[in-house]
Amino acid sequence: MSYAQHVMDDLKQKYASEPVFLQAVQEVLMTLQPALDKDPKYQQHKILERIVEPERIIGFRVEWVDDKGEIQVNRGFRVQYNSALGPYKGGLRFHPSVNLGILKFLGFEQIFKNSLTGLAIGGAKGGSDFDPKGKSDIEVMRFCQAFMNELYRHVGATIDVPAGDIGVGGREVGYLFGQYKKLTKSYEGVLTGKNVLFGGSLARTEATGYGNVYFAQHMMQGRGDSLEGKTCVVSGAGNVATYCCEKLYHIGAKPVTVSDSRGMIYDADGIKVDVLKQVKEVERASLTRYAELVPGAKYTPVSEYPAGRNVVWNVPCDAAFPCATQNELNLEDAKALLANGCKCVSEGANMPSTLEAVHAFLESGICYGPSKAANAGGVATSQLEMAQNASMQKWDFATVDNKLQGIMGNIYANAFETAKDFGQPNNLVLGANIAGFRKVADAMIAQGVC
Ligand code: NDP
């Protein structure tokens, strides 16, 4: 039995109740074996056994009072996964589905993604089962303050720097930052994704979505093609999806779908990004509102989806950008995309495709950009925010965007070249995993058993 399989089997026994965590680890470990065979030092130093276990898991109670005066209790977590390459870095997710297994999957992915950026950042993730949906601004503020009342003990500008994720945008980061400052009397870059008024970086809001499109463009150009003139489907309607749509227009492509947890929009003329921002960022409404504002757009509620499917993936397209959540694209969806002629899938969300769907994409030979490479632009730009905060500088939009483009180009080249070295040039899953892994593993070996 291979080393990777042995570690995986052991993990399956220990963490049977954390299926998405096991899925994320499996996807990585099963591609690492060629690198492990090539260099026995990783097994000698028990790197896999060590890297799959978080350095630290912090769990805490979050209690707060809602607008009716009732006490509410939520669970809070921070998984500080790996600090071999730098301070812990990774977002906070506020969503009712959040549990430790989901945060471990996200934190584990974050280690390799952060390594791929080439920047000095370790991997972490955190969050809560709090649901910001339907809460007043004041309730969200009270919750964020209560969450930070515990989290502040464990984070800091050179210790652990959280950012946003699902349910955590500029508003939440602002409230979290305000409470950190009050508790510690320290005005420091402890969070990224901040408002530009108090240390936020220009282009951070756009970075994950823009970066995903830059990555997809590199994949297409690597095949002598381009996204220009292409019809694209996008899932999600939040931060990543919105700026993915915006950048697609910039490069001459046309996004025709977006979706949220209640339904999807098909707009054959192209998604109106200004309307999407108004609906999601200003009104915080559902996509039915988009259909009201854009009469030609077709809205399909989730209740009309075939069981287990997201109908976004049935829309004929040249390129697909899953930007909502994990496991939102299964084997059936992958088959529908391929049958309709899709040539490129670039993941904005974390692990949006099931393992079976990933295999279908790899076997088909289309361009497939796994999330830890394709969506790394967000965390990379967070690191640029940290650099600006530490040096008390403020870069203009073009400076940050140029650096982001450079980083996405480097990630693509690194994943592609590594995959080529191992004889599978178009397998960016293998390339990204091995390239990300080797840096972290070599740093762990150099830092000793500690
Ligand atoms: P947002 O909260 O801004 O948006 C999430 C979107 O996905 C919303 O439209 C939401 O719908 C939809 N969604 C969430 N859960 C589900 C679900 N279970 N089923 C269907 N739709 C769902 O989050 P982000 O855009 O920031 O994050 C999206 C993805 O990108 C996540 O996987 C995240 O981990 C990943 N990511 C984000 C980064 C960032 O910088 N923000 C960086 C790297 C990765 P609704 O509004 O109805 O809830």
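Just so you know, all these numbers are worked out from the coordinates, no wet-lab data involved. Because the structure is predicted, anything quoted here is derived from the model rather than measured. Don't worry about glycine lacking a Cβ; one is built from the backbone with ideal geometry, like all the others, and counts go over all protein chains shown.
If we count other beta carbons within 10 Å of each Cβ, what is the order of Ile57, Ile434, fewest first?
So the ranking, lowest neighbour count to highest, is Ile57, Ile434.
Which order, highest average first, do 66-76, 46-56 follow once you tally other Cβ atoms within 10 Å for each residue and take the mean per peptide?
Packing order, densest peptide first, comes out as 46-56, 66-76.
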Inset, instruction - Mind giving me the nanometre distance, one decimal, between the label points for Ala413 and Gln5, set 7 Å out from Cα along Cα→Cβ? - result: 3.8 nm
Legend entry - Distance between modelled label sites at Leu293 and Ser226, nm, 7 Å Cα→Cβ extension: 3.1 nm
Inset, instruction - If a cysteine in the chain has no other Cys Cβ under 4.7 Å from its own Cβ, put it on the list, ordered by number. - result: Cys144, Cys232, Cys244, Cys245, Cys317, Cys323, Cys342, Cys450
Inset, instruction - Could you calculate the contour length gain from Val282 to Asp37, that is, 0.36 nm times the residue separation minus the distance between their Cα atoms, to one decimal place in nm? - result: 83.0 nm
Inset, instruction - May I ask for log10 I(q)/I(0) of segment 267-324 at q = 0.18, 0.25 Å⁻¹, from a Debye sum over the Cα atoms as equal point scatterers with solvent left out? - result: -0.74, -1.26
Inset, instruction - Apply the Debye scattering formula to segment 217-268, with a single equal point scatterer on each alpha-carbon and no solvent, then give log10 I(q)/I(0) at q = 0.17, 0.25, 0.29 Å⁻¹. - result: -0.53, -0.93, -1.09
Legend entry - Zero-based 10 Å bins, Cα pair distances in segment 141-269, whole percents: 12, 34, 25, 19, 9, 1
Inset, instruction - Calculate the radius of gyration of the Cα atoms of segment 1-85 to one decimal place, then report Dmax, the largest Cα-Cα distance, as a whole number, both in Å. - result: 18.2, 62
Legend entry - Overall dimensions of segment 222-351 as given by Cα atoms, namely Rg and Dmax in Å: 13.6, 42
Legend entry - Residue-averaged [θ]222 nm for the chain, counting only DSSP H segments that reach four residues, each worth -39500 (n - 2.57): -15000 deg cm²/dmol
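Sort 83-93, 164-174 by the packing proxy (mean of other Cβ within 10 Å over each peptide's residues), most packed first.
83-93, 164-174
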Inset, instruction - Give Lys125/Lys372; Lys46/Lys89; Lys272/Lys403; Lys12/Lys420; Lys194/Lys280; Lys89/Lys372 a once-over and call out the pairs whose C-alpha atoms are over 22 Å from each other. - result: Lys46/Lys89; Lys272/Lys403; Lys12/Lys420
Legend entry - Inter-site label distance for Asp396 and Ala339 at 7 Å from Cα along Cβ, in nm: 5.1 nm
Legend entry - Taking the convex hull of Cα positions in segment 365-450, its mean projected area over all directions (nm²): 7.4 nm²
Inset, instruction - From zero up to wherever the largest Cα-Cα distance of segment 300-450 sits, split into 10 Å bins and tell me the percent of pairs in each. - result: 10, 32, 31, 19, 7, 1
Inset, instruction - Write down the Kirkwood hydrodynamic radius of segment 25-170, to one decimal in angstroms, obtained as one divided by the mean of 1/r over all alpha carbon pairs. - result: 16.3 Å
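State to the nearest 20 debye the size of the charge dipole of the chain about its Cα centre, where the only charges are +1 on K and R beta carbons and -1 on D and E beta carbons.
Charge dipole, the chain, about its Cα centre: 800 debye, nearest 20.
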Legend entry - Full-extension gain in nm, Phe198 to Ser261, via 0.36 nm per residue minus C-alpha separation: 19.5 nm
Inset, instruction - Under 19 Å from a label point 7 Å along Cα→Cβ of His45: give me every residue in segment 97-121 with its amide N that close. - result: 111-121
Inset, instruction - Provide the FRET efficiency to the nearest 0.05 for the Lys68-Lys14 pair, computing r from the beta carbons and using R0 = 41 Å. - result: 0.45
Inset, instruction - Would you mind computing Rg(Cα) / (2.2 N^0.38 Å) for segment 301-359, counting N as its residues? - result: 1.02
Inset, instruction - Let me see the pair-distance distribution of the chain: every alpha carbon pair, 10 Å bin width, integer percents in order. - result: 4, 22, 33, 27, 12, 2, 0
